[in-house]
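K.L.:
Take a look at this one; I'll ask things after.
Please treat every number below as a calculation from the coordinates, not as lab data. These numbers come from a predicted model, not from an experiment. Using ideal geometry, Cβ is built from the backbone for each residue, glycine included, and neighbour counts are taken over all protein chains shown.
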Amino acid sequence: MIGAIESPEVRLLNLKGRNFVDLMDFEISELRHFLETGHDLKQKQKRGEPHELLKGKSMAMIFMKSSTRTRVSFEVGMTQLGGHALFLQPSGTQLGRGETIADTAQVLGRYCDVIMARVFGHEEVTELAKFAGVPVVNGLSDLLHPCQIMADMMTIEEHKGKLEGLKIAYVGDSNNVSNSIMQGCTIMGMDVTIGSPKGYTPSDDILKKTSALSKTHGTTLTVVNDPSEAVKGVDVIYTDTFFSMGQERLKEKEDALMQFQVNDTLVGKAKSDVIVMHCLPAHRDEELTSKVMDGPHSVVFDQAENRLHAQKGILALIV
């Protein structure tokens, strides 16, 4: 079973008190510890074994963006760990009346043991982490989506048995998900290709940082403007919605990105046992066809389930 045996180096790691904001804050051994803990807690749940590692602990969940998977997986996960989660929106807190993030962070940090935030600007979650005095988890920002990629890597390991040496292609609009894919998958030894139309490729800043990361870890990071070239011979194809939450729906952008739709033709250019991933919610028959999403290559609902288990692993170790 993946994650059943930890290396001596992993067993010695202490991640208590760490923020989980950016995957580049962690070494490969630390991300491995998170993944193995997630796998282990998933198996405990499947066997019906109690794992109330956070009994008596409380988590504040700040949602500046609406959510299905993030809210439910964190709230249920905290309950299964024996703790308690509080759902907070700006309209129901003083954030909605102009209280600063720094002031809110200092107050919540005195009440709660951990804070999870789903925000717009990445600086909002980094400011929370600066002032809270307790661990802060990035549930999503416009720049990064680290918890999603932890669940994705768990899913890849379940279906492929490993991460190191595999090839993953992300096709579509470069966004917070593709940014975190470039970080997490590179650290864990995967070769990453981003396939996006011109004008929708990763920012120069994120490319500079992740390119340096790939050199450090002996992997490749490639950006191409041809979807067929991007997926040639890959083990994993990943896509996401063309328009992130709050973005204006532009026909010019839609027309450009439709050339990168994940359909049977594109899937046929990858390895025969390729798995297809999407972080959801999906716009069926836009970024990927319903036939692919519901087909034999798809693991999208395994990904969704693993948000619960990966995040439990994160919370168990940092709290």
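K.L.:
In what sequence do Lys251, Lys167, Lys291 fall when counting other Cβ within 10 Å, fewest first?
P.N.:
Final ranking by Cβ density, sparse to dense: Lys251, Lys291, Lys167.
K.L.:
If you add up the charges near Val234, with Lys and Arg at +1 and Asp and Glu at -1, over every other residue whose beta carbon is less than 10 angstrom from its beta carbon, what do you get?
P.N.:
Once positives and negatives cancel, what remains is +2.
K.L.:
Cα-Cα pairs above 29 Å in the stretch 147-304: how many percent?
P.N.:
Of all Cα-Cα distances in the stretch 147-304, 9 percent exceed 29 Å.
K.L.:
Please work out the ratio of the alpha-carbon Rg of the stretch 125-187 to 2.2 N^0.38 Å and round it to two decimals.
P.N.:
1.28
K.L.:
Specify the inter-centroid distance of the stretch 76-154 and the stretch 174-218, based on alpha-carbon positions, in whole Å.
P.N.:
Using only Cα atoms, the two centres lie 25 Å from each other.
K.L.:
Hey, got the dipole for the stretch 220-319? About the Cα centre, +1 on K and R Cβ, -1 on D and E Cβ, debye to the nearest 20?
P.N.:
Once rounded to the nearest 20, the dipole reads 240 debye.
K.L.:
Percent relative contact order of the stretch 147-304, based on C-alpha pairs within less than 8 angstrom and at least six residues apart?
P.N.:
Relative CO of the stretch 147-304 lands at 24 percent.
K.L.:
Moving to a separate point now. From the helices alone, meaning DSSP H stretches of at least four residues, give me the mean residue ellipticity at 222 nm for the chain, per-run term -39500 (n - 2.57), in deg cm²/dmol to the nearest 500.
P.N.:
For the chain, the value works out to -13000 deg cm²/dmol.
K.L.:
Straight-line reach from Lys215: which lysines have a Cα under 18 Å away, not including same-chain ones fewer than 8 places off?
P.N.:
Within the straight-line cut-off, Lys215 pairs with Lys167.
K.L.:
Something else about it: Rounded to the nearest 20 debye, what is the charge dipole size of the stretch 147-304 about its Cα centre when +1 sits on each Lys and Arg Cβ and -1 on each Asp and Glu Cβ?
P.N.:
360
K.L.:
Kindly state, as a whole number, the per residue volume in cubic angstrom of the convex hull around the alpha carbon atoms of the stretch 222-272.
P.N.:
Normalising the Cα hull of the stretch 222-272 by residue number yields 91 Å³.
K.L.:
Rg and Dmax of the stretch 1-149, using alpha carbons, in Å: what are they?
P.N.:
Rg then Dmax for the stretch 1-149, in Å: 15.7, 50.
K.L.:
With a 10 Å Cβ neighbour count serving as the proxy for reagent exposure, in which order, fewest first, do Lys208, Lys232 appear?
P.N.:
By the 10 Å Cβ count, ascending, the order reads Lys208, Lys232.
K.L.:
Going through the cross-link list Lys57/Lys162; Lys55/Lys162; Lys16/Lys42; Lys198/Lys232; Lys57/Lys208; Lys160/Lys269, which pairs have a Cα-Cα distance over 29 Å in this structure?
P.N.:
Check vs 29 Å cut-off fails for Lys57/Lys162; Lys55/Lys162; Lys57/Lys208.
K.L.:
Work the Kirkwood hydrodynamic radius out for the chain: mean of 1/r over every pair of different alpha-carbon atoms, inverted, in Å.
P.N.:
For the chain, the Kirkwood estimate is 19.9 Å.
K.L.:
Choose one answer from Ala102, Ala85, Ala129: the residue with the largest mean-square fluctuation in a GNM of the chain with alpha-carbon springs under 10 Å.
P.N.:
Maximum fluctuation in the GNM of the chain, among the listed residues, is at Ala102.
K.L.:
Once amide H atoms are built 1.01 Å from N in the peptide plane, which residues 5 or more positions from Met116, or in another chain, come under 5 Å H to H?
P.N.:
Placed amide hydrogens put Ala60, Met61, Ile62, Val137 under 5 Å from Met116.
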